[in-house]
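Engineer: Provided herewith is a single structure, encoded as structure tokens, for subsequent inquiry.
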Amino acid sequence: MYILLIKHFFRSKTVVLAFSLLMLLGMLSIGSGKQFLNQKKIAITKTIEQQKKHIKTQRKYNKDDIGLLSYYLKFSFLKPLEPLAAISMGQSDLNTDIQNVSIVALEGQKHNTDLVNPMRQQVGNLDISFLIIFLFPLVIIALNFNLLSEEEEKGTWKMIKIQSKSSFKFLITKLSIRLLFISMTLGILFLIASFILEIPFTESFLDIILMSYLYIIFWFALCFFVILLRKSSNTNAIILLASWLTLVVFLPIFINNYINKTYPIEEAFSMVIKQRDAYHKKWDTDKKETLNRFYEHYPHLKKYGYKTEGFSWLWYYAMQQLGDDDSKEEREALYNKIKKREALSKKMAQFFPPLQLQLSMNEIAKTSLTNHINFLDATVKFHEDIRLDIYPKVFEKHHPDTVDFEKHKPKFFRAEDNFSLSKNSFSTILITLFLICFGVFKNLKYFK
């Protein structure tokens, strides 16, 4: 019986079309991910090479004044993307992974972004996470919506009930064949992705695979639940498509609007304005007052005294530093709100598997917004270390030839892995079990 059902299933044109569509879009998404990773790798390689040339060039044109040379020198802090980012690009196509910073005020530099094609950003990227979250459910619905109703509408269900040992087992067998087909297709795509994108089978990759299969099983459970409502094929199709629209399209939009209203981020604008105003106003402020505040931040530099007559690099860099200090409150408020928005998203996503899977994939691939904020926070530490090394040399007026700027090599950000599979999969497992158990319990009287 099982072999006959498998042969009958794979002879269907719908199956051939579904497999071809998923494989075609899957290959496109893998190709898109490969291109995305290559672009990022090339950018990082060129940045490392460029820093050497940049220091050499600036040394050539600013060989007598270390203050002026330090003003122009930029140092690179890089966030290398893991191969998993090609599966779930998340926010990494919007946010820069390269920070080139000088020792002047940092806030304005942190938000410089790469030049990208705006039309491409508007269209968005086709990655595997998009394929799994948006398109796999549609194929699952197309394969399952008339699993039982078709037999009833054709009048063959009564024969099945009479001839088969268990009509419920017959239904489960048909469903399992479709689950096997979708699982194999997904497995093939992950194998191809692993080979082309050079993704090793690490714990993180296995977490993405397990979360994806759990999501697939959720949609089968939802189809199973709707099938057991014993409605007509048309009604089942409408219910399932409405569920897809609600879960995958409308609810994420509603949640996004709710989060925007709950945590508006006016600080994004006020932080930039305050940082610029803070150091521009210092041109008209008493220099001693500026230096006093600078020494409050760096007490160990107070030995360089108060040079208030004429221009001095000590006062200039103090002025730049105060631009960052004065906007610190807005910056911390902005980052805290972004983290709260992400935390609220995760909390609400527990009840909506598509959103849960998207956030989980981004977190595993380290392409989430929180990951980018952590990168910006690490940039502050990187910038501070550069400043504290160069400040004394500038204030003591060392000759540029005596300072080893080349020792500041490009550094890489290491993101922490805080993903918990059990924590992120628990709610989806519960919802899936509820759909299966409730559907079966309600239809016990129909099956022998």
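Engineer: Given Ile436, Ile431, which one is open to solvent by 40 Å² or more (accessible area, probe 1.4 Å), in a helix (DSSP H, G or I), of a type in the set (Val, Ile, Thr) and touching a Pro at 6+ places or on another chain (Cβ under 9 Å)? Give the derivation first.
Structural biologist: Details: Ile436 fails: touching a Pro at 6+ places or on another chain (Cβ under 9 Å).
Just a single option satisfies the conditions, and that option is Ile431.
Engineer: Only one of these is in contact with a helix residue (DSSP H, G or I) (Cβ under 6 Å, 6 or more places away or on another chain) and open to solvent by 10 Å² or more (accessible area, probe 1.4 Å): Gln50, Gln91, Gln39, Gln35. Name it. Break it down into steps so the answer makes sense when it comes.
Structural biologist: Numbers: Gln50 fails: in contact with a helix residue (DSSP H, G or I) (Cβ under 6 Å, 6 or more places away or on another chain); Gln39 fails: in contact with a helix residue (DSSP H, G or I) (Cβ under 6 Å, 6 or more places away or on another chain); Gln35 fails: in contact with a helix residue (DSSP H, G or I) (Cβ under 6 Å, 6 or more places away or on another chain).
Step by step, each of Gln50, Gln91, Gln39, Gln35 is checked, and only Gln91 is in contact with a helix residue (DSSP H, G or I) (Cβ under 6 Å, 6 or more places away or on another chain) and open to solvent by 10 Å² or more (accessible area, probe 1.4 Å).
Engineer: Could I ask something else about it? Any residue in the stretch 398-411 that is more than 27 Å from Ile128 (Cα to Cα), touching a helix residue (DSSP H, G or I) at 6+ places or on another chain (Cβ under 7 Å), basic (Lys, Arg) and part of a loop (DSSP other than H, G, I, E, B)?
Structural biologist: Taking every residue of the stretch 398-411 in turn, none turns out to be more than 27 Å from Ile128 (Cα to Cα), touching a helix residue (DSSP H, G or I) at 6+ places or on another chain (Cβ under 7 Å), basic (Lys, Arg) and part of a loop (DSSP other than H, G, I, E, B).
Engineer: A follow-up question, please. Suppose we keep only residues that are over 17 Å from Phe218 (Cβ atoms), of a type in the set (A, V, I, L, M, F, W, C) and in contact (Cβ under 8 Å) with a residue 12 or more places away in the chain within the stretch 234-266. Which one would you say is most open to solvent (accessible area, probe 1.4 Å)?
Structural biologist: This residue is Ile265.
Engineer: Being farther than 20 Å from Gly187 by Cβ and either without any contact (Cβ under 8 Å) to a residue 60 or more places away in the chain or crowded, with 16+ Cβ neighbours inside 10 Å (or both) is the filter here; which residues of the stretch 2-31 pass it?
Structural biologist: Ile3, Leu4, Lys7, His8, Arg11, Ser12, Lys13
Engineer: So, Glu406, is that one modelled with pLDDT under 90, charged (D, E, K, R) and either open to solvent by 20 Å² or more (accessible area, probe 1.4 Å) or within 26 Å of Thr47 (Cβ to Cβ) (or both) or not?
Structural biologist: The answer is yes for Glu406.
A quick yes/no check of all residues on (1) open to solvent by 30 Å² or more (accessible area, probe 1.4 Å); (2) closer than 30 Å to Leu245 by Cα; (3) not charged (D, E, K, R):
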position: Gln358; (1), (2), (3): yes, yes, yes
position: Glu363; (1), (2), (3): yes, yes, no
position: Thr367; (1), (2), (3): no, yes, yes
position: Asn374; (1), (2), (3): yes, no, yes
position: Ala378; (1), (2), (3): no, no, yes
position: His383; (1), (2), (3): no, no, yes
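Engineer: Being under 30 Å from Pro354 (Cα atoms) and more than 33 Å from the chain's Cα centre (by Cα) is the filter; apply it to the stretch 133-159 and report the residue that is surrounded by the fewest Cβ atoms within 10 Å (Cβ to Cβ). Walk me through how you get there before you give the answer.
Structural biologist: Kept after step one, since they are under 30 Å from Pro354 (Cα atoms), are these residues of the stretch 133-159: 133-150.
Remaining after also requiring more than 33 Å from the chain's Cα centre (by Cα): 146-150.
Details: Asn146: 18, Leu147: 19, Leu148: 27, Ser149: 21, Glu150: 14.
Taking the candidates together, the pick is Glu150.
Engineer: Considering the stretch 286-307 alone, what residues qualify as being farther than 28 Å from Asn336 by Cβ and surrounded by fewer than 13 Cβ atoms within 10 Å (Cβ to Cβ)? Step through it out loud before you land on a result.
Structural biologist: Kept after step one, since they are farther than 28 Å from Asn336 by Cβ, are these residues of the stretch 286-307: 286-292, 295, 300-307.
Residues satisfying the conditions are Asp286, Lys288, Glu289, His300, Lys303, Gly305.
Engineer: Out of all the residues in the stretch 63-92, which are polar (S, T, N, Q), part of a loop (DSSP other than H, G, I, E, B) and at pLDDT 85 or above? Explain how you work it out, then say what you get.
Structural biologist: Narrowing the stretch 63-92 to residues polar (S, T, N, Q): 70, 76, 88, 91-92.
Applying the additional criterion that residues be part of a loop (DSSP other than H, G, I, E, B) yields 88, 91-92.
Passing the criteria: only Ser88.
Engineer: With in contact (Cβ under 8 Å) with a residue 24 or more places away in the chain, in a helix (DSSP H, G or I), under 30 Å from Ile103 (Cα atoms) and within 34 Å of the chain's Cα centre (by Cα) as the only criterion, which of Ile42, Ile48 stands out? Lay out the reasoning, then the answer.
Structural biologist: On the way: Ile42 fails: in contact (Cβ under 8 Å) with a residue 24 or more places away in the chain.
Matching residue, one of Ile42, Ile48: Ile48.
The values are calculated or read from the model by the stated rules, or taken from the named source; none is laboratory data. Every value quoted in this text rests on a predicted model; they were computed, and no experiment measured them. So basically every Cβ, Gly included, is an ideal-geometry build from the backbone, and we count neighbours across all protein chains shown. Heads up: the accessible areas ignore ligands, DNA and RNA and are worked out on the full protein's heavy atoms, side chains in. Shrake-Rupley method; radii C 1.70, N 1.55, O 1.52, S 1.80 Å.
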